[in-house]
Amino acid sequence: MKLQHPYRSEVQDARLIPLLKIFAGLSLVGLLACGCTTKTISCAEDPVPPVPALTQLPPPLPAPASHDEKMAWFREAKFGLFIHWGLYCIPAGDWNGKRVPGIGEWIMHNAPIPVTQYEQLPKQFNPIMFDAEAWVQMAEDAGMKYIVITSKHHDGFAMYHSHVSPYNIYDAAPFHRDPIRELAQACAKHNIKFGFYYSQAQDWHEPGGAGNTNDFGPDELKDSSGAYDKYLQTKAEPQVAELLQNYGPVCLIWFDTPRMMNKERGQRFVDIVHKYQPATLIDGRLGAAGDYTSTGDNSIPNESVSTNDWETPATINHTWGYRQDDTDWKSPGEIIFKLVDIVSKGGNYLLNVGPTSEGIIPKESQDNLRTVGRWLKVYGEAIYGAGRSPFGDEFGEFSTKTKDHNGKPVFLPRNDWRCTTRSGKLYFTLFTIPRDGVVELPDFKNEITRAYIVGDPDKTPITIDHADGKHLAHVTRNGPNAIAYTICLEITGASVQR
Ligand code: FHN
């Protein structure tokens, strides 16, 4: 096992190596003792990945000439990996032998755990199985084009080497590495865009941060006393500035839960982002205007959204941060449907994984994502950079009978197929094919010049009849992919005429 860290001073190394050896050794003993019974815990025979030597990061991107230029990569990318990784993966849903309900990263708030106890967790945080290269390779295999990782979540612990606060993984944990720096490097190597989640308002570790009313009293008092602004100006704003200065090109900053973020406070963050990296996108949860909107968690609009760029942040199980009891993984088929559905409505899909305290992305998440990636290798032309559906009836309709608990009509989705577009091309991804193999597609005036299954090297023609105001595609139920496959209709003209 290589313990020496290539980007620390020799003096620090000499002092810390014996300690690191003890911690790494203890972690291995712990792994052996646990018996490696669960699938997500690595076994001791898994080799400890080497610590990568650090190389120079590329410089930030120049200021874009227009909003369209700024958004171009996001509109092309469509599919990103969200990573919630922080101290909360150590308790992993349990505290003092009791299961704490709720999402894993909220355990400090939900248990509740006093700050004096929670801030002991870094001493146990030594994720020696962390392998930036393997994480980024997995995202690439999954067909994901950008990664957004929690640089600091609501618990206030920075997952990078912050010079603003010692409450960070490099200074406060035996790990004594900067995983965000290692990821930035791996992303640059793999040509994957890299961005940060940063909890700007909630910080349960700081007396002035929003959200920790158990330790620090009501938020309104922090607001009126000036403590909240002090927290913003001495921690959150300088941390965002250092993230933008030390980690190469930052594709976006994903702010969240804008409690007490008025226009002026939000603008201060906007100014910092624009000052250091004008090409960096700002999400929709800062509390000031961003570059695109974020839907609610796991929320996909019922219909197409054309007014702005948008993204659905979503879990692959039910939690964001790792919980050992949440093993209800979305299947590859569910993920593919959601991805195509979102793209056909004009959005991006930011799908989350929650690594363990050893630094491992749960195997089931990895397996399912890689299956999605294999699908995308064949049908990706219907996804990356693709346009919205020109139709809409395929999404479903509101029930005329059933109402929700607010008395509003329930939306009844239809999931048979989804349509995405490129100039002169319509892509129909088929999720349900009737027994007779005849799929009803909508009417349009353009002539169909060619129709074939995407990925078919011969582009063997598919018969499409046009009758009674419908197109009827004659396909086979046992197509080339058991989950779904995509057919391409090449048409006259750039876009559909109805
Ligand atoms: O409170 C957070 C939550 O922990 C998680 O980070 C999600 C991701 O969208 N955002 C907040 C809730 O919406």
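The values are calculated or read from the model by the stated rules, or taken from the named source; none is laboratory data. What you are looking at is a predicted structure, and each value in this text was computed from that prediction instead of being measured. Counting neighbours? That spans all protein chains shown, and the Cβs are built from the backbone with ideal geometry, glycine included. Side chains are part of the model used for accessible areas, which takes the heavy atoms of the whole protein and leaves out ligands, DNA and RNA. Shrake-Rupley method; radii C 1.70, N 1.55, O 1.52, S 1.80 Å.
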### Message
Checking the a/c ratio against 1.5 first, then a/b against b/c, what shape does the Cα gyration tensor give for region 305-353?
### Response
oblate
### Query
In whole percent, what relative contact order does region 368-492 give with Cα contacts below 8 Å and a gap of six or more residues?
25
### Query
How much of the accessible area of the chain, probe 1.4 Å, is carbon plus sulfur, in whole percent?
52
### Query
Tell me, what is the per residue accessible area of region 353-490 in Å², probe radius 1.4 Å?
51
### Summed residue charge, Cβ within 15 Å of Asp443's Cβ, Lys/Arg positive, Asp/Glu negative
-3
### Query
On average, how much accessible surface per residue is there in region 151-209, in Å², for a 1.4 Å probe, leaving out ligands, DNA and RNA?
22
### Task
Relative to the longest principal axis of the C-alpha atoms of the chain, give the angle of the C-alpha long axis of helix 10-34, reported between 0 and 90° and rounded to the nearest 10°.
60
### Query
Residue separation times 0.36 nm, minus the C-alpha to C-alpha distance between His318 and Leu412: what's the value?
31.6 nm
### Query
What is the dipole size for region 223-363, taken about its Cα centre, with +1 at each Lys and Arg Cβ and -1 at each Asp and Glu Cβ, in debye to the nearest 20?
220
#### Entry: Helix-only CD estimate at 222 nm, as mean residue ellipticity for the chain, using -39500 (n - 2.57) per DSSP H run (n ≥ 4)
-8500 deg cm²/dmol
## Note on the structure
For Met129, the residues 5 or more places away or on another chain with a placed amide H closer than 5 Å to its own amide H are none
## Note on the structure
Looks like region 273-409, by Cα gyration tensor root eigenvalues a ≥ b ≥ c and the a/c under 1.5 rounded cutoff (else prolate when a/b is bigger than b/c, oblate otherwise), is rounded
## Note on the structure
For region 217-307, dividing by residue count, accessible area per residue (probe 1.4 Å) in Å² works out to 42
#### Entry: More than 15 Å apart - percent of Cα-Cα pairs taken over region 404-498
63
### Task
Take every Cα pair under 8 Å in the chain that's 6+ residues apart, average their separations, divide by the length, and report that relative contact order as a whole percent.
15
#### Entry: Separation of alpha-carbon centers, region 301-330 and region 382-454, rounded to whole Å
21
### Query
Running Debye on region 206-338 with equal point scatterers at the Cα sites and no solvent, what base-10 log of I(q)/I(0) appears at q = 0.16, 0.20 Å⁻¹?
-1.01, -1.20
### Lys/Arg +1, Asp/Glu -1 at C-beta; region 372-498 dipole; positive extreme among Phe391, Ala473, Phe444
Phe391
### Query
In terms of the Cα gyration tensor, with a ≥ b ≥ c the square roots of its eigenvalues, is region 330-479 rounded because a/c is under 1.5, prolate because a/b exceeds b/c, or oblate?
oblate
### Query
Non-local amide H neighbours of Gly387 (under 5 Å, H modeled in plane, Pro and chain starts lacking H): which ones?
Thr421, Arg422
### Query
Listed highest first by mean packing, meaning other Cβ atoms within 10 Å per residue, what order do 153-166, 93-106 come in?
153-166, 93-106
### Task
Give me the angle, in degrees from 0 to 90, between the Cα long axis of helix 263-276 and the longest principal axis of the Cα atoms of the chain, rounded to the nearest 10.
90
### Message
Just to confirm my numbers, what's the Cα centroid distance between region 50-88 and region 189-239 in Å?
### Response
23
### Query
By how many degrees, between 0 and 90 and to the nearest 10, does the Cα long axis of helix 332-344 differ from the longest principal axis of the chain?
70
### Task
Treat the chain as a sphere of radius equal to its Kirkwood radius over Cα pairs and apply Stokes-Einstein at 20 °C in a medium of 1.002 mPa s; give the translational diffusion coefficient in µm²/s, rounded to a whole number.
88
